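The values are calculated or read from the model by the stated rules, or taken from the named source; none is laboratory data. These figures come from a predicted structure and were not determined experimentally. As a convention, Cβ positions derive from the backbone with ideal geometry for all residues, glycine included, and neighbour counts pool all protein chains shown.
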Amino acid sequence: MSQPHPASSPPPGPARGNAALAWVLVAAMALPMLVLYAVGTLGPLMARDLGMAPGALGWITFAAFGVAAVLSPWAGPLVQQWGCRRSLVLLFAAAACAYAAMALAPGLGLLACAVALDGLAQALCNPVTNLLIARQVRPEHRPWMVGVKQAGVQVAALLAGALLPTLALWWGWRGALGILVPLAVLGLLAARRVAWPQPAGPRGPLTPARPQRLLCLLMAAQCGVGAALSVFVVFLPSYTMAQGLELRQAGNLVALFAVMGIASRVALTPLAARKDSGIPLMLALILAAMAAVALLQLAAPGRPWPLWIGAGLMGASAVATNALAMGLVVQGSTFGPTAAASGWLSAAFFAGMAAGAPLTAALAHNSLSAAWTGSLASLAVAAMALLQLERLRRRTPMARRTA
């Protein structure tokens, strides 16, 4: 049985276990979030098999992200009390159970219930990974590690776009989802070895502290981005097939979106930390995302190039904003304690992810083309919140974390 890491020993640098730690961080982010991309990529097959309209796919993601949004504020205090190792075990166990239940669900109702179980893993992923970085990574390496772990979300998109359509053509969408169960079990076993067995934190009420004004503005921005990404990921494959492309081509679009997102998160997170320009950079990326959504509406049968450019630009822009926001939380104390602030920020992002697709589908009367207008409106809300946050930031410089 492994012994607790000595309190006097410094966090590891790149040569002291960070490769294994990075793998666990990526897996902890990828597996809970994969449900969104799996529903988007496999959605046409699921809708046909279960006899539902494409717009109903948004309610499946609502089940997961709605639960995650409700639980996220309490996830931060829970992770602080339980410690990283126990919290990671719970995260991977919940993900494994969720994918097994999804693969076995006979109808839409039970499928939504199975997806809701994944909401617990989603609520835990940001607080536990951010706390793990704060405890086990040297301060000078934290921005890079935050970028790597946030890229795990796009690893999920890459897996969903590049592999799941092929697996679904071989074994059906249920078989493709079943493949994810052993991956979650592997993550659980790895987490037990990588996370230091630190003593649990002091027991107290799990009621989360009220977020202060700066954090509320950052939450509003992330809620808008989450809503826009929810619409984009859930409806892009169906919109793509409506323009005459095949399922594998739709999957390739999601894969392109993922690759650009991985590159932008890994590259821009440490850059923003060095230049202390996280908020202005997030604003610029949101404006670029609005351009990407507008470009998608130029697509038509026989004219697919706007889909490819729009998917790549969306991945390079909107996707990176969540990593930059988490970088601000890990690097600075202005937004509050790491685990608690991460929980609130996750709650806002997941609320946007939960509401974005189903509300847009309802307001657009299931019109895939009209859905992009809702995505633009969500991004506009995010941009206005960031403008106000930047004004306040200039009056109150961001505090740096010393421990």
- Task: Out of the residues in the range 376-403 that are in contact with a Ser or Thr (Cβ under 7 Å, 6 or more places away or on another chain) and surrounded by 14 or more Cβ atoms within 10 Å (Cβ to Cβ), state the one that is modelled with the lowest pLDDT.
- Result: R401
- Query: Taking interchain pairs and intrachain pairs at least six residues apart, which have beta carbon atoms under 8 angstrom, with the first residue in the range 103-121 and within 26 Å of V26 (Cα to Cα) and the second of a type in the set (S, T, Y) and surrounded by 14 or more Cβ atoms within 10 Å (Cβ to Cβ)?
  - Reply: V115/T61; D118/Y99
- Please work out which one of (1) crowded, with 24+ Cβ neighbours inside 10 Å; (2) not in a helix (DSSP H, G or I) is the condition Q154 fails and give its number. (2)
- Complete set of residues in the range 17-53 that are within 16 Å of C84 (Cα to Cα) and among the β-branched types (V, I, T): V24, V26
- Message: Out of A258, A272, I need the residue that is in a helix (DSSP H, G or I) and either at pLDDT 80 or above or among the basic types (K, R) (or both). Which one?
- Response: A258
- Item | Matching residues, the range 82-102, being of a type outside the set (V, I, T), under 11 Å from V128 (Cα atoms), in contact (Cβ under 8 Å) with a residue 60 or more places away in the chain and part of a helix (DSSP H, G or I) | W82, C84, R85, R86, L88, L91
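Per-residue answers, yes or no, for (1) among the β-branched types (V, I, T); (2) at pLDDT 80 or above:
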| residue | (1), (2) |
| --- | --- |
| Q150 | no, no |
| V155 | yes, yes |
| A162 | no, no |
| I179 | yes, yes |
| L188 | no, yes |
| G201 | no, no |
| L206 | no, no |
| A209 | no, no |
- Task: Could you grab me the full set of residues in the range 285-338 that are over 16 Å from the mean Cα position of the chain (by Cα) and hydroxyl-bearing (S, T, Y)?
- Result: S333, T334, T338
- All but one of (1) part of a helix (DSSP H, G or I); (2) in contact (Cβ under 8 Å) with a residue 60 or more places away in the chain hold for G244, so report the exception by its number. (1)
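Would it be correct to say that L117 is buried (at least 24 other Cβ atoms within 10 Å of the Cβ), of a type in the set (A, V, I, L, M, F, W, C) and at pLDDT 80 or above?
Judged against the criteria, L117 is not a match.
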- Message: Would you confirm, using the coordinates I've provided, whether L124 is at pLDDT below 85 and not charged (D, E, K, R)?
- Response: no
- Task: Hey, can you tell me all the residues within the range 329-347 that are over 16 Å from T129 (Cα atoms) and either hydroxyl-bearing (S, T, Y) or part of a helix (DSSP H, G or I) (or both)?
- Result: S333, T334
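Give me a count of the residues in the range 84-123 that are small (G, A, S), in contact with a Lys or Arg (Cβ under 9 Å, 6 or more places away or on another chain) and within 18 Å of A195 (Cβ to Cβ). Give the derivation first.
At the first step, the residues of the range 84-123 found to be small (G, A, S) are 87, 93-96, 98, 100-101, 103, 105, 107, 109, 112, 114, 116, 119, 121, 123.
Among the residues that remain, those that are also in contact with a Lys or Arg (Cβ under 9 Å, 6 or more places away or on another chain) are: 103, 105.
Now drop any that are not within 18 Å of A195 (Cβ to Cβ), which leaves none.
Qualifying residue count for the region: 0.
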- Item | Among (1) in contact with a Cys (Cβ under 8 Å, 6 or more places away or on another chain); (2) polar (S, T, N, Q); (3) surrounded by fewer than 24 Cβ atoms within 10 Å (Cβ to Cβ), the one test that T334 misses | (1)
- Task: Could you tell me whether any residue of the range 38-56 is within 28 Å of A340 (Cα to Cα) and either aliphatic (A, V, I, L, M) or assigned to a helix (DSSP H, G or I) (or both)?
- Result: no
- Query: Is it true that some residue in the range 348-361 is in a loop (DSSP other than H, G, I, E, B), of a type in the set (F, W, Y) and at pLDDT below 85?
  - Reply: no
- Task: Taking R85 as the residue in question, decide whether it is basic (K, R), modelled with pLDDT under 85 and in contact with a helix residue (DSSP H, G or I) (Cβ under 8 Å, 6 or more places away or on another chain).
- Result: no
- So which of A316, A294, A289, A284 is within 29 Å of F335 (Cα to Cα), in a helix (DSSP H, G or I) and in contact (Cβ under 8 Å) with a residue 60 or more places away in the chain? A289
- Message: For W82, only one of the following conditions fails: (1) among the aromatic types (F, W, Y); (2) surrounded by 22 or more Cβ atoms within 10 Å (Cβ to Cβ); (3) more than 19 Å from the chain's Cα centre (by Cα). What is its number?
- Response: (2)
